[in-house]
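Enquirer: Handing you this structure, nothing more for now.
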C-alpha cells in the first residue's frame, strides 16, 4: 500500500507539474515570440529601442512608486491589526477576515464608481479646508487616491500572507517574553514580531506590488496613466512594444520576488544557524 501511494504521488506530480508549466509558460513564450518576430526574421528592437519610448519610464516609475506606497500603507494597517486580533481579540478573527476579503467580491469598477462619486464633492468644498485635501488626493504626479484604493484592493493578499505567518509562530510567547524584558509595545512589534513575520511580509508585499503593476480599471476610469494604462494605450500603434513592456513588468515582479525570497531565506538560515550554535555550546 505504501508503494502504491508513493507511485500514485509520483504519477500525479508527473501529470500536474507539466500541465501547470504549460499553462504558465506557453502564454509567456507566445508573448515573447510575438514581441521579437518580424517579417525578415527575429528582431529585438522592441526591447532595445522600443523600451526607450516616451512615457514608458515615467509610467513605470509612477506604478513602482504607487506600489511601494501601497505596500507601506497596507503593512502599517494590517500588521498591528492582525497582531492585536491574534493576541487580544481572537473572536474577531472571522470578522476581520471577511472585511479583508471583501475587495475580491466587490468588482473594481463598482469600487471606482464610489470613489468617483466622492471625488465629485470637490466642487462643493471649494471654500473649505477640505478642498486642498481633495487637490492632494488627485495630484497627477502622485495620485494619493490610487494609493488608497490600491491599499483596499491589496488587503486580501496581505491578510492571507500575514495570517499564515502569524499561525506559524508562537506569537503570545514572543510578545510576553519581550514585554517581560521591558520592551514597549512598539518595540515588541517592530523588533520581535515583524522579524518573525519577515517571509510573510515580503510575500504580501510582492503580491501587492504585482497587483499595482497590473491594475488597469481604477487608474483608467480616474484618468491616470500608470504603467498598465500606458501599455493599453500604446498597443494600437505599437503592439510589439506593448507586449515587450508587459514582459518587462513580469520580469520586474519575478526579480523582486526572487530577491525578497532569497533575502528572507538567507536571514532565516542565519538565525537557524545561530540557534543551532547556541544549542551546541549549551
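The values are calculated or read from the model by the stated rules, or taken from the named source; none is laboratory data. The shown structure was predicted, so the numbers you read here are calculated from the model rather than taken from an experiment. Neighbour counts run over all protein chains shown; Cβ positions are idealised from the backbone, glycine included.
Enquirer: State yes or no: is residue 243 in contact with a helix residue (DSSP H, G or I) (Cβ under 7 Å, 6 or more places away or on another chain), in contact (Cβ under 8 Å) with a residue 24 or more places away in the chain and within 30 Å of residue 32 (Cα to Cα)? Quick ask: steps written out before the conclusion?
Expert: Numbers: in contact with a helix residue (DSSP H, G or I) (Cβ under 7 Å, 6 or more places away or on another chain): yes; in contact (Cβ under 8 Å) with a residue 24 or more places away in the chain: yes; within 30 Å of residue 32 (Cα to Cα): yes.
Criteria met by residue 243.
Enquirer: Here's a follow-up. Any idea which of 242, 237, 249, 223 is over 21 Å from the mean Cα position of the chain (by Cα) and surrounded by 15 or more Cβ atoms within 10 Å (Cβ to Cβ)? Break it down into steps so the answer makes sense when it comes.
Expert: Details: 237 fails: surrounded by 15 or more Cβ atoms within 10 Å (Cβ to Cβ); 249 fails: over 21 Å from the mean Cα position of the chain (by Cα); 223 fails: surrounded by 15 or more Cβ atoms within 10 Å (Cβ to Cβ).
Checking each option against the conditions leaves just 242.
Enquirer: Of the numbered conditions (1) under 23 Å from residue 67 (Cβ atoms); (2) touching a residue at least 40 places away in the same chain (Cβ under 8 Å); (3) over 18 Å from the mean Cα position of the chain (by Cα), residue 136 fails exactly one; give the number of that condition.
Expert: (2)
Enquirer: Quick one: count up the residues across the range 154-188 that are farther than 15 Å from residue 72 by Cβ and buried (at least 18 other Cβ atoms within 10 Å of the Cβ).
Expert: Here is the first cut: in the range 154-188, the ones farther than 15 Å from residue 72 by Cβ are 156, 159-161, 163-188.
In the following step, the residues that additionally are buried (at least 18 other Cβ atoms within 10 Å of the Cβ) were identified as 156, 159, 161, 163, 165-166, 171, 175, 178, 188.
Number satisfying all stated conditions: 10.
Enquirer: Oh, and also: Just wondering, is there one or more residues in the range 67-87 that are within 25 Å of residue 248 (Cβ to Cβ), in a helix (DSSP H, G or I) and touching a strand residue (DSSP E or B) at 6+ places or on another chain (Cβ under 8 Å)? So that I can check it myself, show each step before the final result.
Expert: Initially, the range 67-87 is screened for residues within 25 Å of residue 248 (Cβ to Cβ), giving 67-72, 74.
Now narrow it down to the ones that are in a helix (DSSP H, G or I): 67-72, 74.
Now drop any that are not touching a strand residue (DSSP E or B) at 6+ places or on another chain (Cβ under 8 Å), which leaves none.
Scanning the range 67-87, I find no residue that is within 25 Å of residue 248 (Cβ to Cβ), in a helix (DSSP H, G or I) and touching a strand residue (DSSP E or B) at 6+ places or on another chain (Cβ under 8 Å), so the answer is no.
Enquirer: Sticking with this one: Every residue in the range 203-259 that is at pLDDT 85 or above and either on the phi > 0 side of the Ramachandran plot or not in a helix (DSSP H, G or I) (or both), please.
Expert: If the condition is that a residue be at pLDDT 85 or above and either on the phi > 0 side of the Ramachandran plot or not in a helix (DSSP H, G or I) (or both), then 215, 216, 222, 223, 224, 225, 226 are the ones that fit.
Enquirer: Sticking with this structure for a sec: On the basis of being under 14 Å from residue 60 (Cα atoms), touching a helix residue (DSSP H, G or I) at 6+ places or on another chain (Cβ under 6 Å), modelled with pLDDT of 85 or more and part of a helix (DSSP H, G or I), does residue 192 make the cut? Let's see the steps before the verdict.
Expert: Values: under 14 Å from residue 60 (Cα atoms): no; touching a helix residue (DSSP H, G or I) at 6+ places or on another chain (Cβ under 6 Å): yes; modelled with pLDDT of 85 or more: yes; part of a helix (DSSP H, G or I): yes.
Answer is no for this residue.
Enquirer: Scan the range 168-175 and tell me whether some residue there is in a loop (DSSP other than H, G, I, E, B), at pLDDT 90 or above and either under 18 Å from the mean Cα position of the chain (by Cα) or over 25 Å from residue 246 (Cβ atoms) (or both). Let's see the steps before the verdict.
Expert: Step one: filter the range 168-175 for residues in a loop (DSSP other than H, G, I, E, B), giving 168-170.
Next, only the ones that are at pLDDT 90 or above stay: none.
So far as the range 168-175 goes, no, none of its residues is in a loop (DSSP other than H, G, I, E, B), at pLDDT 90 or above and either under 18 Å from the mean Cα position of the chain (by Cα) or over 25 Å from residue 246 (Cβ atoms) (or both).
Enquirer: Tell me, please, whether a residue that is free of Cβ contacts under 8 Å to residues at least 40 places away in the same chain, more than 21 Å from residue 202 (Cα to Cα), surrounded by 12 or more Cβ atoms within 10 Å (Cβ to Cβ) and in contact with a helix residue (DSSP H, G or I) (Cβ under 6 Å, 6 or more places away or on another chain) can be found in the range 110-122.
Expert: Checked the range 110-122: at least one residue is free of Cβ contacts under 8 Å to residues at least 40 places away in the same chain, more than 21 Å from residue 202 (Cα to Cα), surrounded by 12 or more Cβ atoms within 10 Å (Cβ to Cβ) and in contact with a helix residue (DSSP H, G or I) (Cβ under 6 Å, 6 or more places away or on another chain).
Enquirer: Residue 182 passes all but one of (1) on the phi < 0 side of the Ramachandran plot; (2) outside any helix (DSSP H, G or I); which number fails?
Expert: (1)
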